[in-house]
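For reference, the structure is listed below as structure tokens.
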Amino acid sequence: MLAVKKARRKLRMGTVCSPNPSGTKTSSEVCNADWMASLTPHLHNLPLSNLAIPGSHDSFSYWVDEKSPVGPDQTQAIKRLARISLVKKLMKKWSVTQNLTFREQLEAGIRYFDLRVSSKPGDADQEIYFIHGLFGIKVWDGLMEIDSFLTQHPQEIIFLDFNHFYAMDETHHKCLVLRIQEAFGNKLCPACSVESLTLRTLWEKNCQVLIFYHCPFYKQYPFLWPGKKIPAPWANTTSVCKLILFLETTLSERAPRGSFHVSQAILTPRVKTIARGLVGGLKNTLVHSNRWNSHGPSLLSQERS
């Protein structure tokens, strides 16, 4: 499974499009929004773990609220600095890692979502938010946006990877899991053998959503998959060359059975990186200034092999 940072790069399998009112599409047009449904029949019985599935990093962070408190995922030093309004504006430049909404990412073909969630200090209603430095949208709003897409595209399968939890006690977890149940209902796929999951078996059961929950709380619900079933090794580097080497190594060493695998094709800024590009932000400093475009195609080729 491939988690790519830039959702806007189309999958090069067709055009991004919304479903026609009639529910049909022309023979010359293959929509990224329906790419799983459009796969050739011999792939329908292949274990899902054998397919290269595009994803996004910090998938929800297309919008963050600079007027909200700094998130509990940040250090006390950052929280103190953020009392200065300009600091939050600069934080926003480094917190936003996507420029497409959930719906737009889904229509572009993204099927794996990297999710980090948190309660908000002072909130008495147990609401859970997406977070990356600053608070994003409510998790419930994001789930409903995803469910709306799935209802219109009944053969598309998605992976929701809840891998970071902040300021959440048992009550918050129960609230979040209840929201997940309310949003997806029978679309949720119970945890089972990874090798038994194919597109065909999921389609027959009308299951479309795999929830990975990196917290012992998963044991209480049959539709929550343990986080260990989807390892996501992290290169933690600003170097494109080091990242490529890391991805090649972890791809070759991934477990042949029993789990999915995420290739985090992302560059991670260090303190000095942020200091150098403070005003420019993440996009201008790490994305546009690096040679990732020249390396991406070769990595994708290896992932498919």
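Filter the stretch 60-82 for residues that are touching a His at 6+ places or on another chain (Cβ under 8 Å) and not β-branched (V, I, T); which is most open to solvent (accessible area, probe 1.4 Å)? Within the stretch 60-82, the match that is most open to solvent (accessible area, probe 1.4 Å) is D73. Considering only the stretch 181-202, how many residues are hydrophobic (A, V, I, L, M, F, W, C) and out of contact with any strand residue (DSSP E or B) (no Cβ under 6 Å at 6 or more places or on another chain)? Residues flagged as hydrophobic (A, V, I, L, M, F, W, C) and out of contact with any strand residue (DSSP E or B) (no Cβ under 6 Å at 6 or more places or on another chain) within the stretch 181-202 amount to 6. Restricting I180, I244 to those that are under 18 Å from the mean Cα position of the chain (by Cα) and either among the charged types (D, E, K, R) or open to solvent by less than 50 Å² (accessible area, probe 1.4 Å) (or both) reduces the list to I180. Being in contact with a Cys (Cβ under 6 Å, 6 or more places away or on another chain) and of a type outside the set (D, E) is the requirement here; does C207 meet it? So C207 passes the test. If you check G277, G281 for being modelled with pLDDT under 85, at positive phi and more than 19 Å from the chain's Cα centre (by Cα), only one passes: G281. Any residue at all in the stretch 42-56 that's of a type outside the set (A, V, I, L, M, F, W, C), more than 27 Å from A265 (Cα to Cα), more than 13 Å from the chain's Cα centre (by Cα) and open to solvent by 30 Å² or more (accessible area, probe 1.4 Å)? Within the stretch 42-56, one or more residues are of a type outside the set (A, V, I, L, M, F, W, C), more than 27 Å from A265 (Cα to Cα), more than 13 Å from the chain's Cα centre (by Cα) and open to solvent by 30 Å² or more (accessible area, probe 1.4 Å). All told, L100 meets the bar of being touching a residue at least 24 places away in the same chain (Cβ under 8 Å) and part of a loop (DSSP other than H, G, I, E, B). Could you list, in sequence order, the residues of the stretch 91-104 that are open to solvent by less than 50 Å² (accessible area, probe 1.4 Å) and modelled with pLDDT of 75 or more? M91, S95, V96, T97, Q98, L100, T101, F102, R103, listed by residue number.
The values are calculated or read from the model by the stated rules, or taken from the named source; none is laboratory data. Just so you know, these numbers come straight off a predicted model, no measurement behind them. All Cβ positions, glycine included, derive from the backbone under ideal geometry; neighbour counts span all protein chains shown. SASA here: full protein model, heavy atoms, side chains in, ligands and nucleic acids out. Shrake-Rupley method; radii C 1.70, N 1.55, O 1.52, S 1.80 Å.
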